[in-house]
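Down below is the structure, laid out as structure tokens.
The numbers here are math on the coordinates, done by the rules we state, and not lab data. Fair warning: this is a prediction, and the values are worked out from it, not measured in the lab. Positions of Cβ are generated from backbone atoms using ideal geometry, with glycine treated the same way; all protein chains shown enter the neighbour counts.
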Amino acid sequence: GKVGVLGCPMYHGQTKPGTKEGPAALRDAGLLEMLKDQGLDVKDFGDVNIPCLEEVPLSDLSVKNPKNIATDVHKVLDSGRACLVLGGDHSLAIGSIYGHSLAELDQVVVWVDAHADINTPLTSTSGNIHGMPLSFLVHELQPYTCKLPGFESIKPCISAKDIVYIGLRSVDPGERYIIEKFGIQSFSISEVDKLGIKEVVEKAINYLDPEGKRPIHLSFDVDALDPSLIPCTGTPVLGGLSFREGNYICEELAATGRLSCVDIVEVNPTLGNERDKEITVNAALQIITRCFGNRRQG
Ligand SMILES: N[C@](CCCC[B-](O)(O)O)(CCN1CCCCC1)C(=O)O
Ligand SMILES: [Mn+2]
Ligand SMILES: [Mn+2]
Ligand SMILES: [Mn+2]
């Protein structure tokens, strides 16, 4: 398989700037070599240009950010490669999902996360954009939200029925209302406990794409995994997916042969000591290799 790797050192979606070190931490730990060692044709497209907040007024900045990300993701996909986006905080998904829609109109989205990330600017209690990305992208939500200055270039591009959540365990009241109102399919951690990860993944894929022909966008927030596996992330929530469950999800999505774009987000190497960083980066690297065909059978 052919993979294009895009670093996206986004940190403006939340208050802990260390997420801008995420791409470097994954590359420095040997990500590209690992992917090549499993037989992939890997091309590194470098980092998206994320202008730093200080100099650029927010309005220009947000126009540029999602646009840069969307443009670069579109370019990777149009080069015939699957796109691997290394975050950076989860606000980057505004750009990566929009960019995916420029290359493939009928993508479906698997959102693996402890959080729903679908607050609108009006329902958010934190004001952090990494808690809102889906609200900019979902057609049905547009009458209920507001356009942030500078986000004009981002058009909603997915429908509520094209999203499935896996791993939810920290959902805000406004998000719960939105999920119920638009019938967004979600498998929370309690459903993972009840059904088991095999049935959750089967149901998720069959719900999104029963005919098995639509490109899949996996937006994987590492905080979906248990904090013991990912000590270096900004918004940890106890009782997450096990390492095996996380690996299984990615192996099964890769096995469809339609995994077109993968975001790996919210690695923040500055949170925790050297050992914590090593644990976090190693877990993230394993997850990434499963997205591109490497299965645990050895
Ligand atoms: N829902 C939160 C967290 C978003 C996490 C973003 B992700 O998934 O990309 O890491 C949290 C809201 N917060 C929860 C505790 C009580 C105060 C509000 C928010 O800030 O909107
Ligand atoms: Mn195109
Ligand atoms: Mn999260
Ligand atoms: Mn997230």
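Taking K and R as +1 and D and E as -1, what net charge do the other residues with C-beta under 13 Å from the C-beta of residue 29 add up to? With Lys, Arg at +1 and Asp, Glu at -1, the net is -3.
Starting from segment 94-162, pick out the GluC sites (Glu not before Pro) whose DSSP state is loop and whose Cβ has at most 14 other Cβ atoms within 10 Å. Don't skip to the answer; put the middle values down first.
On the way: sites: 104, 140, 152; in loops: 104, 152.
Those satisfying the criteria are 152.
Each of residue 207 and residue 242 was given a label point 7 Å from its Cα along the Cα-to-Cβ line. The distance between the two points is 2.2 nm. Mean separation of Cα pairs under 8 Å and 6 or more residues apart, divided by the residue count, gives segment 204-269 a relative contact order of 46 percent. Measuring nothing but how far apart in sequence close Cα pairs (under 8 Å, 6+ apart) lie, relative to its length, the chain scores a relative contact order of 22 percent.
Given the DSSP H assignment, sum -39500 (n - 2.57) over each helix run of at least 4 residues in the chain and divide by its residue total; what's the result at 222 nm in deg cm²/dmol, nearest 500?
Working: 9 runs with 105 residues, N = 298.
That calculation yields -11000 deg cm²/dmol at 222 nm.
3J(HN,Hα) along segment 142-156: 4, x, 10, 10, 10, 7, 6, x, x, 8, 4, 6, 8, 9, x Hz, from the Karplus curve 6.51 cos²θ - 1.76 cosθ + 1.60 with θ = phi - 60°, whole Hz, x for Gly and Pro. Within the shell of other residues whose beta carbon sits under 14 angstrom from the beta carbon of residue 271, the net charge comes to -3, with Lys and Arg scored +1 and Asp and Glu -1. Rg/Rh, computed from the Cα trace of the chain with Rh as the Kirkwood radius, has the value 0.92.
Relative contact order, percent, of segment 231-292 when contacts are C-alpha pairs under 8 Å separated by at least 6 residues? So the answer I get is 55 percent. Whole-Hz Karplus values for segment 38-46 come out as 9, x, 8, 8, 10, 10, 8, 8, x Hz, taken residue by residue from phi with 6.51 cos²θ - 1.76 cosθ + 1.60 and θ = phi - 60°; glycine and proline positions read x.
Shape call for segment 98-245 from the C-alpha gyration tensor, a ≥ b ≥ c root eigenvalues: rounded (a/c under 1.5), prolate (a/b greater than b/c) or oblate? Since a/c reaches 1.5 but b/c is at least a/b, the shape of segment 98-245 is classed as oblate.
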